[in-house]
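To start, the structure itself, in C-alpha cells.
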Amino acid sequence: MARAGHWDPRELPDLAGRRYLITGANKGLGYFAAEQLVGAGAHVIMTGRNPNRLAAAHAAIERRVLDVSAGGTGAGSVETLLLDTSNLGSVRAAAATARARGPLDALVLNAGNVHPPQRRQTVDGHELVFATNVLGHFALAGELLQNLAVVGGRMVWLGSMAASLGDYEPRDPDLVEGYTAWRAYAQSKVATTALGFEADRRLREAGVPVASVVAHPGYSTSGRTAGIRGVNEPSRISRFFDNLQAPITQSKEHGAWPIVRAAADPSVQGGEFWGPRLLMHGAPRRGKAAPVTRDPEIGARLWAFCESAARVRWPFEKAARAARRLR
C-alpha cells in the first residue's frame, strides 16, 4: 500500500470501487495503463476500434492480472467497448453506451495514430491523425463530462515530447497545405496538450469539479516491452534496434506510469503536466509543458475549431448542476 503523500508506480494504492475508461486500450500505453489500474483493484472500460484486438487485450488482462492461479491479483475487473476516435459517429455511439454505465473517476484519452496513415482523411472530412488524436477525444470528453462531474473525476490527455521539437502550432489543423506525416503527428500533440490546459481553465471557470491533466510517456518503445500475445509482439529486428537505444528509452509498461499517476493519484491537480523524471524515462513526476501549449489564445482558438468540427459543445452548466445535486 502506498504511504500518504508517496507514489510508487510498482505498488499502487487500493483502487477498489474506482472506474476508468481508457481509449486505445488494446495495445501499447493504453493496455499497460489498464493492466496497472485493474491490478490495483479498479474497474476499467477498455476501448478500441478493432474487436479482435480488443478481445485479445481483454484476454491478456484476464490471464496476467485477474487469474489468481497464474499469479494475478484477482482484484479488479474489466470490460470492453468498441470505439474509433477517428470516427465521430463511433464516438457518439460509444459515449451513449458509456454514459449509461455510470460515473467515471477518470477518462484517459490515450488512443493515437503515430505512424503515417494509408489515407489522409476521415469519413467526416478531417485529417486522420488530428481526428484520431484530438478531435475524437475532444468530443468524447464533452459527451462524458457529466459522468466525471458527479464523482469529481478527471480527464487525462496524452501529450508527447514531440510538442517541444519545433514550431508545430496547429494553425491549419486539417493540414490542407504543407502536409507531412511528422507535422501531422507533432501538431496533434501540441493541440492535445493545449486543449487539456484549456479544458482546465474552462472547467474551473464554470465551477465543474473535474480536473483536466496532461501526461506524456517519454520515449517508450515496443521493443523494450514484455511480449504479450495479441497485444505486443515486436519483431526480432525491432527488439534489436530498440535495445540499442536502451540508455534513453523505456518500456511501454513504464511509459504508462505517468498516465496512471495522472489518473489515480489524489494529489494530482488540474492543469498539471506529468511525465518521466528524466524526460525520456524514469518514475513519474510533475513537469512543465512547452510554451506553445500553455498559450491561452492558442487554446481558445483550438477549442473553437474543435467545437465546430466535432459539433460538440461541452455541457458545463449541466455538469456543474449534476455535481451540486450529489453533494
Inset, instruction - Can you pull the one-decimal nm distance between simple spin-label points at GLU79 and VAL123, each 7 Å off the Cα toward Cβ? - result: 2.4
Legend entry - Alpha-carbon spread of the range 1-98, three principal axes, descending order, Å: 43, 32, 22
Legend entry - Ratio of the Cα radius of gyration of the range 222-277 to 2.2 N^0.38 Å, where N counts its residues: 1.40
Legend entry - Rounded Å value of the spacing that divides the Cα centres of the range 297-319 and the range 57-77: 39
Inset, instruction - Assuming 0.890 mPa s and 25 °C, estimate D for the range 36-81 with Stokes-Einstein, Rh taken as the Kirkwood radius over Cα pairs, in µm²/s. - result: 234
Inset, instruction - Report the convex hull volume per residue for the range 145-266, counting only C-alpha atoms, in Å³. - result: 162
Inset, instruction - Determine, for each peptide in 162-171, 272-281, the mean count of other beta carbons within 10 angstrom over its residues, then list the peptides with the highest first. - result: 272-281, 162-171
Inset, instruction - Just the Kirkwood number for the range 194-321, please: inverse of mean 1/r across all distinct Cα pairs, in Å, one decimal. - result: 16.7
Inset, instruction - Over the Cα atoms of the range 47-181, compute the convex hull volume and normalise it per residue, giving Å³. - result: 147
Legend entry - Label point distance in nm, VAL114-ARG202, each placed 7 Å from Cα along Cα→Cβ: 2.9
Legend entry - Gained length - SER238 relative to TYR179, 0.36 nm times residue gap less alpha-carbon distance: 18.5 nm
Legend entry - Separation of alpha-carbon centers, the range 234-274 and the range 136-209, rounded to whole Å: 19
Legend entry - Length added when fully stretched, ALA304-GLU317, from 0.36 nm per residue minus Cα-Cα: 2.9 nm
Legend entry - Dipole of the chain, positive direction: furthest Cα of THR221, GLY41, TRP257, with charges on the beta-carbon: GLY41
Legend entry - Evaluated over the chain, the Cα radius of gyration and Dmax, each in Å: 18.4, 56
Legend entry - Whole-number D in µm²/s for the range 129-215 (Stokes-Einstein; Kirkwood sum over Cα pairs; 10 °C, 1.306 mPa s): 117
Inset, instruction - Arrange the peptides 8-14, 79-85, 301-307 so that the one whose residues have, on average, the most other Cβ atoms within 10 Å appears first. - result: 79-85, 301-307, 8-14
Legend entry - Positive minus negative residues near ALA93 (Lys, Arg vs Asp, Glu; Cβ under 13 Å): +1
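A short reminder: the numbers here are calculations on the coordinates, not readings from a lab. Here the structure is a predicted model, which is why all the values come from computation and not from measurement. Virtual Cβ from ideal backbone geometry, glycine too; neighbours counted across all protein chains shown.
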